[in-house]
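K.L.:
Got a structure for you, written out below as structure tokens; questions coming shortly.
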Amino acid sequence: MTNEADIRVSFVRQAEACETLGSAFTGRLCRIAAHRMGQDSAVERVILEWQGNPTGTGDALALRLAGALHALVLSESDDGLAAVYPPETSSDEALWQACRNAFVLHESFILDRLKSAPQTNEVRRSSALLPAFLTIADRCDKPLVLSEVGASAGLNLRWDRYAYRLGDFAWGNDSSVVLAPDWEGKPPPRAQVSVAGRAGCDLNPLDPASPDDCLRLTSYIWADQQDRLDRTRAALAIARQDGLKVERADAVDWLESRLRRDHAGQCHVVYHTIAWQYLPAELKQKGEALIAAAGARATERAPLARLQVEADGEPDGASISLQLWPTGEKHEIGRADFHGRWIKWKGWPT
């Protein structure tokens, strides 16, 4: 059973993770909350009496709170909180007092937000997807049909609408979203890639055309990372232009339906970025079996690819792994920062 000490520790560990990923402010906010939370407000009591798993790989409780507070700033609902948020500076005391005031003034809003897991759609992860899709196109030489699991608002379903600078390699142009991660390794293949179809699923999909959904998505971007906020807003604007909506569905049920379809003359790509790890073990096992069975049915005329950008327990970011059928050959083709700040590219073995 979770106790108060565990909850405070989870906030400290989240602070450390935020600082490692370049957000000194969110790290500071989580650290202050860890040490100063008491029983003075309903919000604090709910947090300190949390019955679930408060950690970053569980309920991400600290990020739920940070997202709720940031939403109040972005929606211009709390001038006192905005006055101590980036780009402004303040003392720890002033920041915490503004938070405590918000806990009282916006109690119902914050308590409602605490019920929901954070939702992100990190556009920079497309920096890991593009070279992988170019590799798939190079190996299969067919149009691609995309199926993304855990697609959120679908921003990484539109990876081909962005411009890239991957070291000396450039791809795409005339896009309001330009992705230029720190790149290590040889260039990706210069293959011709075309997308014949795309779809995504999520248990709680966000609609780029909904102001409330856009606020939810941007609120979970850390407040001192304006470049991420600007990039996400630009990607949302691109998403609004084509009207594609992510389907509300269970990942495994949706995959079963998608994998049943015939894609003759095309390469079907199932992919996910920092999403598979959140599925319950039983569903992951079922999903793996479905993909393996579809791989066994794949042919040279209708190949299947499975692309993953997921944590693998190693300290060096996420693994970019690719498996291709009908051969079933699988390789780690690179590693990526969880927010797409850097890519260490290996490529498909030659």
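Bear in mind these aren't lab numbers, they're just calculated from the coordinates by the rules spelled out. Bear in mind that the values here come from a model prediction, so they are computed numbers and not experimental data. FYI the Cβ positions are ideal-geometry reconstructions off the backbone, even for glycines, and counts take in every protein chain you see.
K.L.:
If you take every DSSP beta bridge fully contained in the chain, what fraction is antiparallel? Give it as a percent rounded to 5.
P.N.:
Values: 20 of 44 bridges.
Counting only bridges with both partners in the chain, antiparallel ones make up about 45 percent.
K.L.:
While we're here: Choose one of 15, 41, 94: the residue whose Cα lies farthest towards the positive end of the charge dipole of segment 4-114 (beta-carbon charges +1 Lys, Arg; -1 Asp, Glu; about the Cα centre).
P.N.:
15
K.L.:
Distance in nm between label sites at residue 282 and residue 330, each 7 Å beyond Cα in the beta-carbon direction?
P.N.:
According to this spin-label approximation, the distance is 2.3 nm.
K.L.:
Okay, next question. When the chain is fully extended, how far beyond the present Cα-Cα distance does residue 53 get from residue 117, taking 0.36 nm per residue of separation? Don't jump to the answer; show the numbers that get you there.
P.N.:
Numbers: separation 64, 0.36 × 64 = 23.04 nm, distance 1.16 nm.
Net length gain for the segment: 21.9 nm.
K.L.:
Could you tell me which of 215, 118, 331 has its Cα farthest along the dipole of the chain towards the positive end, charges placed at Cβ (Lys, Arg +1; Asp, Glu -1), taken about the Cα centre?
P.N.:
331
K.L.:
Here is a further query. How many nm is it between the label spots at residue 346 and residue 299, if each spot is 7 Å from the Cα in line with the beta carbon?
P.N.:
3.3
K.L.:
Continuing with this model, one more query. Highest mean first, what order results for 116-128, 300-312 on Cβ atoms within 10 Å? Numbers along the way, then the final one.
P.N.:
Values: 116-128: 22.3, 300-312: 19.1.
The densest-packed peptide leads the list: 116-128, 300-312.
K.L.:
If you don't mind, another one. How much length, in nm to one decimal, is gained on full extension between residue 264 and residue 3, taken as 0.36 nm per residue of separation minus their Cα-Cα distance?
P.N.:
Details: separation 261, 0.36 × 261 = 93.96 nm, distance 5.49 nm.
This chain segment gains 88.5 nm when fully extended.
K.L.:
With runs of 4+ DSSP H residues as the only contributors, calculate the mean residue ellipticity of the chain at 222 nm using -39,500 (n - 2.57) per run, divided by the residue total and rounded to the nearest 500. Show your work: numbers first, answer last.
P.N.:
Working: 12 runs with 144 residues, N = 350.
For the chain, the value works out to -13000 deg cm²/dmol.
K.L.:
Starting from the Cα of residue 289, step 7 Å along the direction of its Cβ; do the same at residue 24; then give the gap between the two resulting points in nm.
P.N.:
Here the modelled spin labels are 5.2 nm apart.
K.L.:
What FRET efficiency, computed as 1/(1 + (r/R0)^6) with R0 = 25 Å and r the Cβ-Cβ distance, is obtained for residue 105 and residue 250, rounded to the nearest 0.05?
P.N.:
On the way: r = 38 Å, r/R0 = 1.50.
That pair, residue 105 with residue 250, gives E of 0.10.
K.L.:
While we're looking at this one, here's another question. Based on the mean of other Cβ atoms within 10 Å per residue, sort peptides 141-154, 280-293 so the most packed one is first. List each step's numbers first, then the result.
P.N.:
Numbers: 141-154: 22.4, 280-293: 13.6.
Packing proxy ranking, top to bottom: 141-154, 280-293.
K.L.:
Relative contact order of the chain: what whole-number percent is it, with Cα pairs under 8 angstrom and at least 6 residues apart?
P.N.:
Working: 636 pairs, mean separation 57.8, N = 350.
Relative contact order here is 17 percent.
K.L.:
By its C-alpha gyration tensor, with a ≥ b ≥ c as the square roots of the eigenvalues, how is the chain shaped: rounded for a/c under 1.5, else prolate for a/b larger than b/c, else oblate?
P.N.:
On the way: a/c = 2.05, a/b = 1.78, b/c = 1.15.
Note, shape of the chain comes out prolate.
K.L.:
On to the next question. Treat every Asp and Glu Cβ in the chain as -1 and every Lys and Arg Cβ as +1, leave all other atoms uncharged, and give the resulting dipole magnitude about the Cα centre to the nearest 20 debye. Could the numbers behind the result be given before it?
P.N.:
Working: 40 positive and 48 negative charges, 224 e Å.
For this selection, approximately 1080 debye.
K.L.:
Do any of 142/330; 186/284; 245/330; 286/344; 186/286; 115/245 go past 27 Å between their Cα atoms, and which? List each step's numbers first, then the result.
P.N.:
Details: 142/330 19 Å; 186/284 33 Å; 245/330 31 Å; 286/344 31 Å; 186/286 36 Å; 115/245 24 Å.
Long pairs (Cα-Cα over 27 Å): 186/284; 245/330; 286/344; 186/286.
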